[in-house]
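Report on one structure; see the data block that follows.
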Amino acid sequence: MITPEQKRVAKSIVSIFETGKAAGNPAACTILPDGAGISYGAHQATDASDSLDAILVEYLRRGGAMQAEAREVLALVQADLSTRYRSISGAAPGVVRAVELLRKMGADPVMAAAQEDVFERLYWQPAQDQAEGMGLVEPLSWAVIYDTCIHSGPGGIAKIRARFAALPPIRGGDERTWARAYVEARRAWLVSRGGIVAQTVYRMDAFSALMAAGRWDLAVPLTVRGVVIQ
């Protein structure tokens, strides 16, 4: 089990990948060019992954101040693929309004709490379960696993593990050797996907750089893609 501080840094690394900042903005909202639809919040929850839907449900459950607006947006994202535009330019009026409302809801502290709760439940906890199940103890290894959960979903980890031979610690392998092999295999997989996905190899390059620098404990200050985590 890693410490709360190491967990914070691991999440900050992934936040830099997702938003360019170590601490995400709960009100940030855009439409992704890869067809994932509306992308929202400190961790960039998407319509395509249903994490946006889960956040709106949690916000309503917690009694957020903009209840009517949250229900309006939730109805839109649950209805069909009408939110799957590739930019805000030219999007349907209802989608433009949804983006505006989400930005306003982001100012409500209840929304920030709802986002953290959903991402802890849907992504961090599965990452922790899998990291512990493989016997991983290095905070940087955990960050790599969490990044896969965020970027490809928890099921993405098994797909990458099947692409290389190194054994995890639970099976007698060396953790750092395994983690390096995992990052190499995931980088190759991202490249194989082509298009926008292939452009995200910078995530694996950043992890490789941290490994080469021996930053396995994620002690701060830590610089990732030019952003300093304090």
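Here, each number is a calculation from the coordinates, and none is a lab measurement. Here the structure is a predicted model, which means the values were calculated and not measured. Please note: Cβ atoms are built from the backbone with ideal geometry, for glycine as well, and neighbour counts cover all protein chains shown.
Where a ≥ b ≥ c are the square roots of the eigenvalues of the C-alpha gyration tensor, would you call the stretch 28-135 rounded, which needs a/c under 1.5, or, failing that, prolate if a/b is larger than b/c, or oblate? Don't skip to the end; give the middle numbers.
Numbers: a/c = 2.28, a/b = 1.41, b/c = 1.62.
Oblate, since a/c reaches 1.5 and b/c is not below a/b.
Based solely on C-alpha atoms, express the radius of gyration and the Dmax of the chain in angstrom.
18.1, 56
Taking K and R as +1 and D and E as -1, what net charge do the other residues with C-beta under 13 Å from the C-beta of ALA22 add up to? All intermediate terms of the calculation are to be shown ahead of the outcome.
Values: positive: ARG8, LYS11, LYS21, ARG225; negative: GLU18.
Net of charged neighbours comes to +3.
Fully extended, how many nm does the chain gain between THR3 and VAL137 (0.36 nm per residue separation, minus their Cα-Cα distance)?
47.2 nm
Given a Förster radius of 30 Å and the C-beta distance between ALA79 and GLN199 as r, what FRET efficiency does 1/(1 + (r/R0)^6) yield to the nearest 0.05? List each step's numbers first, then the result.
Working: r = 30 Å, r/R0 = 1.01.
Efficiency at R0 = 30 Å is approximately 0.50.
Taking a ≥ b ≥ c as the square roots of the eigenvalues of the Cα gyration tensor of the stretch 1-60, is the shape rounded (a/c under 1.5), prolate (a/b larger than b/c) or oblate?
prolate
Listing TYR123, TYR202 from the residue with the fewest other Cβ atoms within 10 Å to the one with the most, what is the order? Intermediate results must be reported in sequence, preceding the final value.
Details: TYR123 24, TYR202 12.
Neighbour counts put them in this order, fewest first: TYR202, TYR123.
With the Cα gyration tensor of the stretch 111-167 giving a ≥ b ≥ c as the square roots of its eigenvalues, does the rule (a/c under 1.5 for rounded; else a/b larger than b/c for prolate; else oblate) give rounded, prolate or oblate?
Values: a/c = 2.74, a/b = 1.85, b/c = 1.48.
Here the stretch 111-167 falls in the prolate category.
Could you give the length gained on full extension between ARG103 and ASP117, defined as 0.36 nm per residue of separation minus the Cα-Cα distance, in nm?
3.2 nm
Mean separation of Cα pairs under 8 Å and 6+ residues apart, divided by the residue count of the stretch 2-58: what relative contact order is that in percent? Spell out each step's value before the answer.
Numbers: 68 pairs, mean separation 12.4, N = 57.
Contact order relative to length: 22 percent.
What relative contact order, as a whole-number percentage, does the stretch 44-203 give when Cα pairs under 8 Å and 6 or more residues apart are counted? Let's see the in-between values first.
Values: 139 pairs, mean separation 24.7, N = 160.
Normalised by residue count, the contact order of the stretch 44-203 is 15 percent.
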